[in-house]
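Every number in this text was worked out from the coordinates using simple rules, so none of it is lab data. None of the values given here were measured: they were computed from a predicted structure. Cβ: placed from backbone, ideal geometry, glycine included. Neighbour counts: every protein chain shown.
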Amino acid sequence: MNLREYLRELAFPVSSTTTLFALVTFFLLIGLIQLAGLFGIWLAAATIPAFLRYLTMIAEARAKDTDTAPPGIEFFTLVGTGWTLFPVVPILAMAYVVYEIGVTFGDLPATVVALGFTALLPAIVGVLLITHSPLQSIDPRALDRFIRGCGAGYWWAPATALLIVLAPTVLVFLPAWAQNIVEIYFLAVFFAVIGAVTRRAGLFDEIDIPDAVELDAEKVLAGLQSNRIKVVNHAYGFASRGNRDGGLEHIYDWLVKDPDPDAAWPWFLEQMLRWDDTYPALLLAQQYLGRLLEHNDKVGAVKLMMRCRLENKGFRPLSADLPAAIAAAEACRNDELLAALRN
């Protein structure tokens, strides 16, 4: 990462309309917390985790070199994507350690420890972005590989962290609301720089941390099933709040990385067909049908179309898949389906 790229990330919160709007929203909410009395406690419990979660999503977006998505209602709950809140844990733990060292040994040792943690924090967040695993994000092997992989460009991120610490002391003459703006801005910049450092080093798809203990097949299967259940439950949360596209996108994102997609596609379809609103399941089925036809699984494709037509007689393949679907129905001699597809 060079100076030009760093300056680009330094300006990212104002160059991205989505991010700027989100930060202004969080600034107003934080200001309301300070004025709301007892109501402010409840508002803080919803707003602060959402803000911290959004900062992590800024880092992930910049690691992928994309713009951030606007924070949805799901940011204000503790359901799903819990990994995005994990950076708070090491920060609070180290704050306690630094405080205790300061009380026991004095300011100088406490400052040294604080600087050491500042140097490691971007690596913790960076590994978390790649793995979505809190445990791996504090694995010394992962941190070492991340820092070495980033090279000299890594140190732009700790330098930005120091800006967050130093800015309030330099700008003490500003009113409190202006200081809040500066702090929120530099927090967004810090996470954007972490994402950019990760992207610049080409690490987003390369971190591979071996498990300490190899799991047997039964445990792996149980873990996979547990993860699929979490994904479909989170997707249902989106859909139940009217965000069908968000729910489907969440499932599609998982299907790309599922180790056994041939089993995952029908599993997710059957789970979604149990929802009160089965329309998202039928949209998923259209994509699944295209996959079966692409793999020349005519029998599987016909069975899927018949299953979906039982759910909704109006179910049809996507236009691009219609010729292949007709050919599959002809090959299986399913006249009923053939007539429906040709209608």
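Here the spin labels are modelled as points 7 Å beyond Cα on the Cα-Cβ line, and at ARG141 and TYR96 they lie 2.8 nm apart.
Exposed loop positions in the chain were taken to be GluC sites (Glu not before Pro) whose DSSP state is not H, G, I, E or B and which have at most 13 other beta-carbon atoms within 10 angstrom. Between these positions, the longest stretch is 1-205. Rounded to the nearest 20 debye, the dipole size of region 3-200 about its Cα centre is 400 debye, using +1 on the Cβ of Lys and Arg and -1 on the Cβ of Asp and Glu. Each of SER240, SER226, SER16, SER319 has some number of other Cβ atoms within 10 Å of its Cβ, and from fewest to most they run SER319, SER226, SER240, SER16. Principal-axis analysis of the Cα atoms of the chain puts helix 279-294 at an angle of about 70° to the longest axis. How far is helix 17-35 tilted, in degrees, relative to the longest principal axis of the Cα atoms in the chain, given as a value from 0 to 90 rounded to the nearest 10? With rounding to tens, the tilt is 60 degrees. About its Cα centre, the dipole of region 217-342 is roughly 180 debye, where the only charges are +1 on Lys and Arg Cβ and -1 on Asp and Glu Cβ. Among TRP254, ASN312, GLN271, which residue has its Cα positioned farthest towards the positive end of the charge dipole of region 217-342, with +1 placed on the Cβ of Lys and Arg, -1 on the Cβ of Asp and Glu, and the dipole taken about the Cα centre? Highest projection toward the positive end goes to ASN312. Compared with the dominant principal axis of the Cα atoms in the chain, helix 140-150 is inclined by about 90°.
In region 3-200, Cα pairs under 8 Å separated by at least six residues give a relative contact order of 30 percent. Given the alternatives [x] -0.31, -0.40; [y] -0.41, -0.52; [z] -0.27, -0.35, log10 I(q)/I(0) by the Debye sum over Cα atoms at q = 0.07, 0.08 Å⁻¹ as computed for this entry is given by [y].
Rounded to the nearest 20 debye, the dipole magnitude of the chain is 580 debye, with +1 charges on Lys and Arg beta carbons, -1 on Asp and Glu beta carbons, and the Cα centre as origin. Each 5 Å bin from zero up to the one holding the largest Cα-Cα distance in region 3-200 carries the following percent of pairs: 1, 7, 14, 18, 21, 18, 12, 6, 2, 0. Each residue, GLN179 and LYS64, gets one label point 7 Å from its Cα in the Cβ direction; the gap between the two is 3.7 nm. Candidates PHE27, VAL193, ALA235 compared by Cα position along the dipole of the chain: farthest toward the positive end lies PHE27, with charges placed on Cβ. Between ASP335 and GLU294, the FRET efficiency estimated from the beta carbon spacing at R0 = 35 angstrom works out to 0.90. Look at the alpha carbon pairs under 8 Å that are at least 6 residues apart: their mean separation over the length of region 217-342 gives a relative contact order of 15 percent. Among residues other than ARG228 with Cβ under 13 Å from its Cβ, the summed charge is -2 (Lys and Arg +1, Asp and Glu -1). Sequence-distant contacts, meaning Cα pairs under 8 Å at least 6 residues apart, place the relative contact order of the chain at 16 percent. Estimated purely from DSSP H runs of n ≥ 4, each contributing -39500 (n - 2.57), the mean residue ellipticity at 222 nm for the chain is -24000 deg cm²/dmol once divided by its residues.
Note on the chain: dipole from Cβ charges, positive end direction compared against GLY151, VAL103, ILE184; the farthest Cα belongs to ILE184.
For the residue pairs LYS64/LYS303; LYS257/LYS298; LYS257/LYS313, the alpha carbons lie more than 28 Å apart in LYS64/LYS303; LYS257/LYS313.
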